[in-house]
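Everything on this sheet refers to the single structure shown next.
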Amino acid sequence: MATKLSNQLLEDILAQVRPLIGQGKVADYIPALAEVPADKLGIAVCTVDGETYQAGDADERFSIQSISKVLSLTVALSRYAESDIWARVGKEPSGQPFNSLLQLELEQGKPRNPFINAGALVVCDMLQSRLSAPKQRMLEVVRALSGEPDIVYDARVARSEFEHSDRNAAIAYLMKSFGNFENDVITVLQTYFHYCALRMSCMELARTFVYLANNGHSPALDEPLINERQNRQINAMMVTSGMYDGAGEFAYRVGMPGKSGVGGGIIAVVPHEMSIAVWCPELDASGNSLAGTAALEILAQRIGRSIF
Ligand code: GLN
């Protein structure tokens, strides 16, 4: 029988997955991420009615990394005709690691989807063209959605990403060579790395992303961010591409739209009901939080929810 959501339920789930810590690997491509203690574990839920639940390190901020790719796509959808976006980035799962260059050459510089690095870089390029201050705009968006005016970029993470940007730069220049990049590559990389370097807690993420469970409408804003159809489309793409080459396994085990970041965070959505954020820094082979995925799997079973 399905269990009702409660802080106690979330505590129980964290206790169940805590023994998995030690089986994954903390992202170590930059020191600022490698230094994060592996035993951090948090979960937060925000319902469309505004109820919140949390357990563990749910109020501690971490680097949201690729979770930001959902926000950049959301902002792009509010600034561009849909056809303009999908002319430059696809909607298909990649089945490849998040930073792969493989398909990009074969597919003439058009990334498979907006949730791999190549696709997110194109989306950032589009934002760079339309927004006068894309970094400031994103801060305004997350501050408004989360209700936390003190959310900031982690300057050290952003700098460090930039110092280790060979691969992302290669992706962007390859796209530029195919004519699928409008702005200066370095400028766009800086914007992209700042978005990845947003520091937010599970509770802030759950509040921020509840619009995806609420027909595109955040309870924190007067106007919807995106319309119902665009909301369904983003959720669909999170199912097929939100977890990179682990998307199939995640759909099978968790059964919800989800988006991960290499900081160990994952957001997941139960359409029309709630958003969930988990954080545990150790990653599995696909770059998704190992214990975080397990926590979502157990939560889905305990509350009896699945989109399938
Ligand atoms: N900053 C990371 C990168 O671009 C983000 C990747 C991720 O979170 N999957 O490589």
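Where a number appears in this text, it was derived from the coordinates with a stated rule and is not lab data. From a predicted model like this one, the values you see are computed outputs, not experimental measurements. Using ideal geometry, Cβ is built from the backbone for each residue, glycine included, and neighbour counts are taken over all protein chains shown.
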Semi-axes of the equivalent ellipsoid of the stretch 68-196: what are they in whole Å, largest first, if each equals the square root of 5 times a C-alpha gyration tensor eigenvalue?
-> 23, 17, 13
Distance from the Cα centre of the stretch 263-308 to that of the stretch 1-33, in angstrom?
-> 9
Report the paramagnetic label zone for residue 2: residues of the stretch 294-308 whose backbone N is under 14 Å from a point 7 Å from Cα along the Cα-to-Cβ axis.
-> 299-308
Residue (of 190, 102, 179) at the positive-pole extreme of the stretch 68-196, dipole from beta-carbon charges | 179
What would the Debye formula give as log10 I(q)/I(0) at q = 0.07 Å⁻¹ for the alpha-carbon point model of the chain, no solvent?
-> -0.23
Once you treat every alpha carbon in the stretch 157-308 as an equal point and sum by Debye, what is log10 I(q)/I(0) at q = 0.11, 0.12, 0.15, 0.20 Å⁻¹?
-> -0.49, -0.58, -0.88, -1.27
Please work out the FRET efficiency for the pair residue 96 and residue 301, using the Cβ-Cβ distance as r and a Förster radius of 35 Å; give the result to the nearest 0.05.
-> 0.75
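To the nearest 20 Debye, how big is the dipole of the stretch 1-156 about its Cα centre, given +1 on the beta carbon of each Lys and Arg and -1 on that of each Asp and Glu?
For this selection, approximately 500 debye.
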With a 29 Å threshold on alpha-carbon distance, the violating pairs from 25/110; 91/176; 135/259 are 25/110
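Just want to confirm a number: the relative contact order over the stretch 68-196, from Cα pairs under 8 angstrom separated by 6+ residues, in percent.
Details: 148 pairs, mean separation 38.2, N = 129.
This gives 30 percent for the stretch 68-196.
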Placing each pseudo-label 7 Å from Cα in the direction of the beta carbon, residue 107 and residue 29 end up separated by a distance in nanometres of 1.8
Across 10 Å bins from the origin, how do the percents of Cα pairs in the stretch 1-116 run, short distances first?
-> 10, 27, 29, 26, 8, 0
Over the stretch 221-308, volume per residue of the alpha carbon convex hull, in Å³ | 95
Once label points are set 7 Å from the Cα along Cα→Cβ at both residue 236 and residue 199, what is their separation, rounded to one decimal in nm?
-> 3.9
Just for the Cα atoms in the stretch 154-220, what are the lengths along the principal axes, largest first, rounded to whole Å?
-> 41, 29, 15
Under a 5 Å amide H to amide H cut-off, with H placed in plane at 1.01 Å, what residues pair with residue 242 once short-range neighbours are removed?
-> 258
